Protein chains: 2
Amino acid sequence: MREIKVAAAQLGAIQKAESREAVVGRMLALMAQAKAAGCNLIVYPELALTTFFPRWYHENRAEADVWFESAMPNEATQPLFDAAREYGMAMSFGYAELTPDGHHFNTSILVDDKGNIVGKYRKIHLPGHAEYDHDRSHQHLEKRYFEPGDLGFNVWRTMGGIFGMAICNDRRWPETYREMGLQGVEMILLGFNTPSVNGQKGAEAHAQRMFHHKLSVQAGAYQNSTWVIAVAKAGSEDGHHLMGGTVIVNPDGEIVAESRTEDDELVIAACDLDATVFGKETVFDFARHRRIEHYGRINTQTGVILPPEA
Amino acid sequence: MREIKVAAAQLGAIQKAESREAVVGRMLALMAQAKAAGCNLIVYPELALTTFFPRWYHENRAEADVWFESAMPNEATQPLFDAAREYGMAMSFGYAELTPDGHHFNTSILVDDKGNIVGKYRKIHLPGHAEYDHDRSHQHLEKRYFEPGDLGFNVWRTMGGIFGMAICNDRRWPETYREMGLQGVEMILLGFNTPSVNGQKGAEAHAQRMFHHKLSVQAGAYQNSTWVIAVAKAGSEDGHHLMGGTVIVNPDGEIVAESRTEDDELVIAACDLDATVFGKETVFDFARHRRIEHYGRINTQTGVILPPEA
């Protein structure tokens, strides 16, 4: 048994006017609770430090730089690193990253129990659009403010296991999990901010969006025999509602713990990394069962190519 | 609206001693019911003509050729083709194929409403093992009796839509759906024979195996915005129980109809192929959102390559 006690640290709404310092204070309170509960790892959502700003349109993109971090840790987030090191707790959280040479990414990091950043992931599957869209009930401008991640899907050895990261919309794409599965991933840390309303399909119920979220995460976990820790930012941010749905999913694809609120809330489970072994050695023993000679379209063809008309 | 009224024709158990003629008689009875219900397409399971013979070990593999068809149609199955043509109904079913040059495949065909075979698929993801395994509660010798399919994942235009096929274990592999999704598939026909008991994990409940089945099919449908018609052979074959779970899944990943028995049973739904359009044009608009530069492992690496030890 290789047990990691995980705290999925859901964050409630963060208003536009809320400071990083205030948010970090909430995150620290959750971390103290996680410590009291004996957790080894705490996982916060995507863009944990600010409101979900891609809903706000700036004609001048540079104005959005206010939402980005140009160093990590920085003054606002140093207390998180200090507390994690003091507690001997590993952590992961997402933030908007502005690089020294001016690139913008939707990023998450993995910090080990010594407070060292050991992994960085930059979101690859950016949803939404780049220009103002009058046909939507609300904007979702991730393609405006971020570039697609340039680091690929990596995994890292830490805490005696193999860890990967993904962010929000990545969870709907089976390629995300498979790239990490092919590296033996045992636990994927995945933060998200998902509006309760489909901006292009008002009739789509909140419940259906929750179903799609869980379906994607559970299938990714099962089909790669890995734990997935999916952590929401939830609640109403300046009138825009984000669904919750923080879940800890085991390597059989089953939800073993989930959030009950749309507020700051810890969802805790003791996760045995050895529970990944059976699936990886049987039904999903890739070496015996995958047939890559028939997967050629997947990484050579981006969009659909229809068959010829009869 | 492009509506196809689909009959998912679940078959109950077929005993080892049962003749093809007896089974075809059952299939014809289901087809007549489907016609009476106004269906345009009837879909039968994997290896529809015989018992699920890969549970039986033959030291001499050639003895298993008795389960294979060396021509299609043949004398036993011609009545199915005749009835389908008379009814103006398309159909699909699975069978064990022995080619003129001695190759063995787990095959399914798509027959149009004129009785012409317009598509053939040979199962790519063969589960199980090739040699007798004393550690299993029952044998699952697909890797002994079949070669992996050599035709790839294709789609066919017929009935005003784009159709694909897959078989049983293929449904657990997201590559299956994605290869067809990249060709614009609108409906996937998928037959299966799934033992209720995991031969390597007796403690795995029937309910958990049903969960994995549905999870995989529903995720594949949602993530490619396609209908999936998943049709079981069910019930107890010579004391070996196959789970049911025939489902018709819409392009949102929702089950719209499912079987209630483990016997011969029609599961019927009117399926609008235009229901695939919204997903294909928004969340799963592959051309806008897929990032193939980060999918390189998927078709260049069969098995797991672990990260270096720290």
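The values are calculated or read from the model by the stated rules, or taken from the named source; none is laboratory data. Predicted, not measured: the structure shown is a model, and the values here were computed from it. Because the Cβ atoms are built from the backbone with ideal geometry, glycine has one as well, and the counts that use them run over all protein chains shown. Protein only, heavy atoms only, side chains kept; ligands, DNA and RNA dropped before computing areas. Shrake-Rupley method; radii C 1.70, N 1.55, O 1.52, S 1.80 Å.
Which ones in segment B:140-149 are at the interface with another protein chain (Cβ under 9 Å from one of its Cβ atoms) and either in a loop (DSSP other than H, G, I, E, B) or farther than 22 Å from B:His58 by Cβ (or both)? Break it down into steps so the answer makes sense when it comes.
Narrowing segment B:140-149 to residues at the interface with another protein chain (Cβ under 9 Å from one of its Cβ atoms): B:143, B:148-149.
Within segment B:140-149, B:Pro148, B:Gly149 meet the criteria.
Of the residues that make up segment A:130-137, is at least one in contact with a Cys (Cβ under 9 Å, 6 or more places away or on another chain) and within 11 Å of chain B (Cβ to nearest Cβ)?
no
If I ask for residues that are open to solvent by 30 Å² or more (accessible area, probe 1.4 Å) and either in contact with a helix residue (DSSP H, G or I) (Cβ under 9 Å, 6 or more places away or on another chain) or under 22 Å from A:Asn198 (Cα atoms) (or both), which ones from segment A:41-63 would you list? Break it down stepwise before answering.
First pass over segment A:41-63, keeping only residues open to solvent by 30 Å² or more (accessible area, probe 1.4 Å): A:56-63.
Result: A:Trp56, A:Tyr57, A:His58, A:Arg61.
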- Task: Mind listing whichever residues of segment B:165-198 are open to solvent by 10 Å² or more (accessible area, probe 1.4 Å), touching a Ser or Thr at 6+ places or on another chain (Cβ under 7 Å) and either without any contact (Cβ under 8 Å) to a residue 12 or more places away in the chain or within 10 Å of another protein chain (Cβ to nearest Cβ) (or both)?
- Result: B:Arg172
- Please enumerate the residues belonging to segment B:278-292 that are open to solvent by 50 Å² or more (accessible area, probe 1.4 Å) and either assigned to a loop (DSSP other than H, G, I, E, B) or away from chain A (no Cβ under 12 Å) (or both). B:Val283, B:Arg291
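Return yes or no: is B:Glu262 out of contact with any helix residue (DSSP H, G or I) (no Cβ under 7 Å at 6 or more places or on another chain), in a loop (DSSP other than H, G, I, E, B), open to solvent by 10 Å² or more (accessible area, probe 1.4 Å) and within 11 Å of another protein chain (Cβ to nearest Cβ)? Can you show your working first?
Values: out of contact with any helix residue (DSSP H, G or I) (no Cβ under 7 Å at 6 or more places or on another chain): yes; in a loop (DSSP other than H, G, I, E, B): yes; open to solvent by 10 Å² or more (accessible area, probe 1.4 Å): yes; within 11 Å of another protein chain (Cβ to nearest Cβ): no.
Answer is no for this residue.
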- Message: Let me spell it out: the conditions are (1) of a type in the set (Phe, Trp, Tyr); (2) open to solvent by 10 Å² or more (accessible area, probe 1.4 Å); (3) closer than 27 Å to A:Ala269 by Cβ, and A:Trp67 meets all of them except one. Which number is the exception?
- Response: (3)
- Message: Within segment A:265-277, does at least one residue satisfy the condition of being open to solvent by less than 10 Å² (accessible area, probe 1.4 Å) and acidic (Asp, Glu)?
- Response: no
- Residues of segment B:154-164 satisfying the condition of being closer than 11 Å to B:Ile188 by Cα and either facing chain A (nearest Cβ under 9 Å) or assigned to a loop (DSSP other than H, G, I, E, B) (or both): B:Asn154, B:Val155, B:Trp156, B:Ile162
- Go through segment A:81-116 and give me each residue that's touching a strand residue (DSSP E or B) at 6+ places or on another chain (Cβ under 7 Å) and among the aliphatic types (A, V, I, L, M). A:Ala84, A:Met89, A:Ala90, A:Met91, A:Ala96, A:Leu98, A:Ile109, A:Leu110, A:Val111
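Could you check how many residues of segment B:36-88 are outside any helix (DSSP H, G or I) and more than 16 Å from the chain's Cα centre (by Cα)?
20
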- Note on the structure: Matching residues in segment A:225-259 (part of a loop (DSSP other than H, G, I, E, B), within 14 Å of chain B (Cβ to nearest Cβ) and open to solvent by less than 50 Å² (accessible area, probe 1.4 Å)) number 6
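Just the residues that are in contact with a helix residue (DSSP H, G or I) (Cβ under 6 Å, 6 or more places away or on another chain) and open to solvent by 20 Å² or more (accessible area, probe 1.4 Å), please, taken from segment A:141-164. Break it down into steps so the answer makes sense when it comes.
So in segment A:141-164, the residues in contact with a helix residue (DSSP H, G or I) (Cβ under 6 Å, 6 or more places away or on another chain) come out as A:141-142, A:145, A:152-153, A:155, A:161, A:164.
Scanning segment A:141-164 gives no hits.
Just the residues that are closer than 25 Å to B:Val118 by Cβ and either in contact with a helix residue (DSSP H, G or I) (Cβ under 9 Å, 6 or more places away or on another chain) or open to solvent by less than 40 Å² (accessible area, probe 1.4 Å) (or both), please, taken from segment B:5-24.
Just the residues of segment B:5-24 that are closer than 25 Å to B:Val118 by Cβ, to begin with: B:5-11, B:20, B:23-24.
Within segment B:5-24, B:Lys5, B:Val6, B:Ala7, B:Ala8, B:Ala9, B:Gln10, B:Leu11, B:Val23, B:Val24 qualify.
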